[in-house]
1. Output the residues belonging to region 26-38 that are among the aliphatic types (A, V, I, L, M), over 19 Å from LYS138 (Cβ atoms) and surrounded by 13 or more Cβ atoms within 10 Å (Cβ to Cβ).
2. Hey, can you tell me all the residues within region 152-193 that are surrounded by fewer than 16 Cβ atoms within 10 Å (Cβ to Cβ) and either of a type in the set (Ser, Thr, Tyr) or more than 23 Å from GLY70 (Cα to Cα) (or both)?
3. Condition first: among the β-branched types (Val, Ile, Thr), in a loop (DSSP other than H, G, I, E, B) and either outside the structural domain of VAL32 (by TED's automatic domain parsing) or surrounded by fewer than 17 Cβ atoms within 10 Å (Cβ to Cβ) (or both). Now tell me which residues in region 64-119 satisfy that.
4. What are the residues in region 213-256 that are in a loop (DSSP other than H, G, I, E, B), free of Cβ contacts under 8 Å to residues at least 60 places away in the same chain and buried (at least 18 other Cβ atoms within 10 Å of the Cβ), if any?
5. Please go through region 52-63 and pick out each residue that is in contact with a strand residue (DSSP E or B) (Cβ under 6 Å, 6 or more places away or on another chain) and outside any helix (DSSP H, G or I).
Amino acid sequence: MAKGTHDFAADPRNETILINVNGVMTPRAEAVVSVFDSGFMLGDGVWEGLRVHKGRIAFLEAHLDRLFEGSKAIAMDIGISRQALTDRLYETIRDNAMADQEGVHIRLMVTRGIRSTPYQDPRVVISPATIVIIPEYKEALPSTVENGIRLFTVHVRRGDPAVQDQKLNSHSKLNCITACIQATQAGADEALMLDPQGFVATCNSTHFFIVRKGEVWTSSGDYCLGGITRANVIRICRENGIPVFEKNFSLTDVYGADEAFVTGTFAGVVPATEVDGRILTEGRGPMVERLQGLYKELIERDVA
C-alpha cells in the first residue's frame, strides 16, 4: 500500500476494470505490454495522472498540453490527435460505467513503442507509440487531507536540465524513487528534495509550498515539473488576494514557516505538518484549509 499523499483504501471494483491498451478495452488481469516496449525497457515515454469529477476530467486541457509538449521534446510521435486521445479517455470512462461515479483516478501512459532489440536508439522502434489508460476507483484518504504528511529532506537532488530536465513528466523516475526510499527509511511519508544550489525544489511526487506571515511561497520552478495543481494553487492565490511568490528559499525558511503543504493531482492540497522533525502545525492550518476550499471550487468551475 502506498503511503503519504498517495495512500488510499483498496476498492474491490478495481479488480474488474477494463484497461485501454492501444484502443482495445482489456480486462485488468489480461492487460499487458511487450517486454520489448520502450517504457518497460528504458523508461522511454511520458504520462499524466488525471482526476475525474462529475463525469469530466478536471483540467484536461492543461494535462494534454503537458503530455504533447513532453512528447515533442523527446521527439516521440503519440500517433493520434489530441481530440482522438480525448475521445479515447472518455470512452474508457464510459466503458467502465464510471461517468456518474466519484473517486475515479486515471493514469495515462504513452511510450515510444516496441523496439526490435534491447537498445536505446529510437531508430530501432518498429511500432507506433503504446498508449495505455488505467482508470481506477482511487482517492486520497480523508485523514491524509485533514491530518497531513511528514517530510524528510533527502540527499538526492533535483537534477540540472542538462542532465535530465525535470520539466519532462517521463517514465524515468529513478531519482524520485531513490528519494522516496530514503525518506521512508527515515520514517517520513515523502521526500523533500533540494535543487543543485541547495534551495528547496519539490517533493518526490508532489510540489511543495510554505506559508510565512500570510504569504505563500513555492520554489522558483526551475528544477521541478510544471505541476498542474501547483499552477492552479498559484492561480487561486492571485484570484483571492493571497500574496504568492515563486522564489528560492532554504530549509531555514521552511523550519520557521507557519504552515506547509504539498500539491498534486491525486490528493489536491495536503498539509505537510512536519519537516525533518520540526513540527509546523498539528493537522492543517488556516491557510491550507482555505486553499483546499478554493481548490475544490476551481475544480467545480473547470468541469462545469
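The values are calculated or read from the model by the stated rules, or taken from the named source; none is laboratory data. As the structure is a prediction and not an experimental result, all values here were calculated from the model. Cβ coordinates were reconstructed from backbone atoms using ideal geometry, including for glycine residues, and neighbour counts include every protein chain displayed.
1. Correct list: VAL33 only.
2. HIS155, SER172, THR178, ILE181, GLN185, ALA186, GLY187
3. Matches in region 64-119: ILE74, THR117.
4. SER219, GLY221, LEU225, GLY227, ILE242, listed by residue number.
5. Within region 52-63, VAL52, ILE57, ALA58 qualify.
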